[in-house]
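One structure below.
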Amino acid sequence: MKAHEDGAELDVIDGAITEHYGYPMGPFALLDVVGNDVAPAIEEELLAEFEHESLTPAPLLLRGRCCGQARSQDR
């Protein structure tokens with residue numbers, strides 16, 4: 001999320017993750033599948049369970065502006 005907030009394109013981030021780390025999809029493609037409404041709830045549950053600040057949902061994600069329909073709105 002931080003890379004996108006710093007100006008990186010979503011497709012570039014997803015491509016880098018799939019190409020360099022071998023994952024079947026990047027984080028933003030995964031968010032499209034999981035859904036922007038579900039992902040923050042998952043992160044909040046993980047944060048409550050593990051109490052690690054890196055699991056705090058990103059404000060951009062909470063506003064629903066990172067992927068899915070927001071992709072076409074941001075362009």
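Out of everything in the stretch 20-50 that is at pLDDT 85 or above and assigned to a loop (DSSP other than H, G, I, E, B), what residue ends up being surrounded by the most Cβ atoms within 10 Å (Cβ to Cβ)?
At the first step, the residues of the stretch 20-50 found to be at pLDDT 85 or above are 20-35, 38-50.
Still in the list and also assigned to a loop (DSSP other than H, G, I, E, B): 22-26, 35, 38.
Working: GLY22: 7, TYR23: 13, PRO24: 8, MET25: 13, GLY26: 21, GLY35: 14, VAL38: 11.
Only one residue fits best here, namely GLY26.
Among the residues examined, MET1 does not qualify as surrounded by 13 or more Cβ atoms within 10 Å (Cβ to Cβ), among the aliphatic types (A, V, I, L, M) and modelled with pLDDT of 95 or more. Taking residues in the stretch 51-75 that are open to solvent by 50 Å² or more (accessible area, probe 1.4 Å), and partners anywhere that are modelled with pLDDT under 65 and not in a helix (DSSP H, G or I), the pairs with Cβ atoms closer than 9 Å and at least 6 places apart or on different chains are GLN73/ARG65; ASP74/ARG65; ASP74/CYS66. Contact map, the stretch 1-24: first residue under 22 Å from PRO40 (Cβ atoms), second residue of a type in the set (Ser, Thr, Tyr) and open to solvent by 60 Å² or more (accessible area, probe 1.4 Å), Cβ cut-off under 7 Å, separation 6 or more or different chains; pairs are ILE17/TYR23. When each of ILE17, ILE13 is tested for being open to solvent by less than 40 Å² (accessible area, probe 1.4 Å), at pLDDT 85 or above and part of a helix (DSSP H, G or I), the lone residue that passes is ILE13.
The values are calculated or read from the model by the stated rules, or taken from the named source; none is laboratory data. Model, not experiment: these values are computed from the prediction. Cβ sites come from the backbone with ideal geometry, for glycine too, and all protein chains shown count toward neighbours. Only protein heavy atoms, including side chains, enter the accessible area calculation; ligands, DNA and RNA are left aside. Shrake-Rupley method; radii C 1.70, N 1.55, O 1.52, S 1.80 Å.
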